[in-house]
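Enquirer: Input: one structure, supplied below.
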Amino acid sequence: MSSYDAIYAIVQQIPYGQVATYGQIAELANLPGRARLVGYALFRVAPEADIPWHRVINAKGEISESPVRYGSDYLQRSLLEAEGIQFNAQGRINLRIYRWQGVIDAAQNSQ
């Protein structure tokens with residue numbers, strides 16, 4: 001299984017209405033310290049793909065904005081809000097409320 005496949009397998013397990021951080025996904029995919037790699041992998045996912053890329057945010061509880069995402073920053077926020085996730089006035093998500101605890105399906109992670 002490639003690193004990207006491992007990342008996608010973990011991201012697919014994030015439940016509706018919850019988020020995970022890039023670093024958290026890296027740890028769960030056995031790629032400690034590779035949060036940027038998670039970002040690169042998710043950048044390659046088409047917005048309409050089955051992988052819930054929009055549920056991965058940065059460690060501050062924010063959407064990591066980038067001019068090369070061509071507007072998908074706004075799409076990410078709207079998808080999260082549609083799942084009931086609330087942002088504060090600074091554009092942050094309360095990770096104590098919405099952060100997925102990361103209990104993964106071991107069978108999927110070992111493939």
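The values are calculated or read from the model by the stated rules, or taken from the named source; none is laboratory data. Here the structure is a predicted model, which is why all the values come from computation and not from measurement. Neighbour counts run over all protein chains shown; Cβ positions are idealised from the backbone, glycine included.
Enquirer: Anything in segment 38-53 that is in contact (Cβ under 8 Å) with a residue 24 or more places away in the chain and either within 17 Å of S3 (Cβ to Cβ) or loosely packed, with under 13 Cβ neighbours inside 10 Å (or both)? List them, or say none.
Expert: V38, G39, A41, L42, F43, R44, V45, D50, I51, W53
Enquirer: Out of everything in segment 66-90 that is at pLDDT 95 or above and under 16 Å from T21 (Cβ atoms), what residue ends up being surrounded by the fewest Cβ atoms within 10 Å (Cβ to Cβ)?
Expert: Restricting to residues being at pLDDT 95 or above and under 16 Å from T21 (Cβ atoms), the top hit is F87.
Enquirer: In addition: Would it be correct to say that I63 is modelled with pLDDT of 95 or more and at negative phi?
Expert: When the stated conditions are applied, I63 does not pass them.
Enquirer: May I ask you to list the residues in segment 16-34 that are part of a loop (DSSP other than H, G, I, E, B) and on the phi < 0 side of the Ramachandran plot?
Expert: Listed by number, the residues that qualify are Y16, Q18, A29, L31, P32, R34.
Enquirer: Now for a separate question. Scan segment 8-37 residue by residue and report those that are more than 19 Å from L75 (Cα to Cα), in contact with a strand residue (DSSP E or B) (Cβ under 9 Å, 6 or more places away or on another chain) and either basic (K, R) or surrounded by 21 or more Cβ atoms within 10 Å (Cβ to Cβ) (or both).
Expert: I10, Q24, I25, L28
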